[in-house]
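Participant: Below: one structure in structure tokens.
The values are calculated or read from the model by the stated rules, or taken from the named source; none is laboratory data. Owing to the predicted nature of the structure, the values given are computational and were not obtained by experimental measurement. Reconstructed Cβ throughout: ideal geometry from the backbone, glycine too, with neighbour counts over all protein chains shown. The accessibility values were calculated without ligands, DNA or RNA, using every heavy atom of the protein model including side chains. Shrake-Rupley method; radii C 1.70, N 1.55, O 1.52, S 1.80 Å.
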Amino acid sequence: MSNLPQRTLYLNNLNSSIKKPLMQKAIKTLFSSHGQVIAVDIVRTKHLRGQAWVTLGTQAEATEAMSKLQGFMLFDKPVRCQYAKESNDRVSKSEGTFVPKDVKEKRDKKRRERLEKEAAAAEETAKRQKAEEPATGETLGDPNAPPSARLFCPSLPLECTAEMLSVLFSPYPGFVRASLPRSGVGFVEYLDENQATEAKKALDGFKLTPTDSLSLFYGK
């Protein structure tokens, strides 16, 4: 996937036999014909050769230079250009966006940890919702289902929410929580079946709207 457009370009396939000062001067001269060259950085190590980063005055200049100089023969090798993954430090400092490496690493680590926690929470929520899905044959409610601590509420009006059910059922002893695994279908849980039965007797048939009454069944 291509990197986002910016002022800094990443160059590779450079002739590593050319001395660094000469290569820097050649790159600056070459790119200066397409805009203001802010910096040319060449890093050479045992495993990092033939690469450079050149930063121009504007993103538009960088884009034009990349387009015009892609494949340009420099010291007998075609230059490959693309947008750099990150801005040059000098550019970041001038723009007020520079973050020291150690600070950036700590920030990235916290971000990864936060994303992992969010992903785990989303997975747990998905599992809970799946467990709360009505069982086959339970969609309309079973009037002969044995008493349980869980009440099933089918055919709820579309505007009904878990918060609304909580307000309705929480005054009765033993209330644990209310949930809507999908629109129009709800569950209400109590600590035991006797407490659920008390709430069922009191609220079965309760008028939720002028045209919608609450139907309650024991859940599975």
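Participant: Give me a count of the residues in segment 164-182 that are out of contact with any helix residue (DSSP H, G or I) (no Cβ under 8 Å at 6 or more places or on another chain) and either surrounded by 14 or more Cβ atoms within 10 Å (Cβ to Cβ) or free of Cβ contacts under 8 Å to residues at least 12 places away in the same chain (or both). Break it down into steps so the answer makes sense when it comes.
Facilitator: First, pick out the residues of segment 164-182 that are out of contact with any helix residue (DSSP H, G or I) (no Cβ under 8 Å at 6 or more places or on another chain): 164-167, 170-171, 176, 182.
Next cut, either surrounded by 14 or more Cβ atoms within 10 Å (Cβ to Cβ) or free of Cβ contacts under 8 Å to residues at least 12 places away in the same chain (or both) only: 164-167, 170-171, 176.
Going through segment 164-182 one residue at a time, the tally reaches 7.
Participant: Considering every residue within segment 122-140, establish whether at least one is at pLDDT 75 or above and open to solvent by less than 90 Å² (accessible area, probe 1.4 Å).
Facilitator: no
For (1) surrounded by 13 or more Cβ atoms within 10 Å (Cβ to Cβ); (2) closer than 14 Å to Q82 by Cβ; (3) within 39 Å of the chain's Cα centre (by Cα), each residue gets a yes or a no:
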| residue | (1), (2), (3) |
| --- | --- |
| T8 | yes, yes, yes |
| N13 | yes, yes, yes |
| K19 | no, no, no |
| I42 | yes, no, yes |
| K46 | no, no, yes |
| Q59 | yes, yes, yes |
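Participant: Mind listing just one residue for me: the one in segment 183-203 that is farther than 10 Å from C153 by Cβ and outside any helix (DSSP H, G or I) and, of those, most open to solvent (accessible area, probe 1.4 Å)?
Facilitator: Step by step, filter segment 183-203, then rank; the result is L191.
Participant: Identify, from the list M23, M66, the residue that is of a type in the set (A, V, I, L, M, F, W, C) and either more than 32 Å from the chain's Cα centre (by Cα) or open to solvent by 70 Å² or more (accessible area, probe 1.4 Å) (or both).
Facilitator: Exactly one residue qualifies, and that residue is M23.
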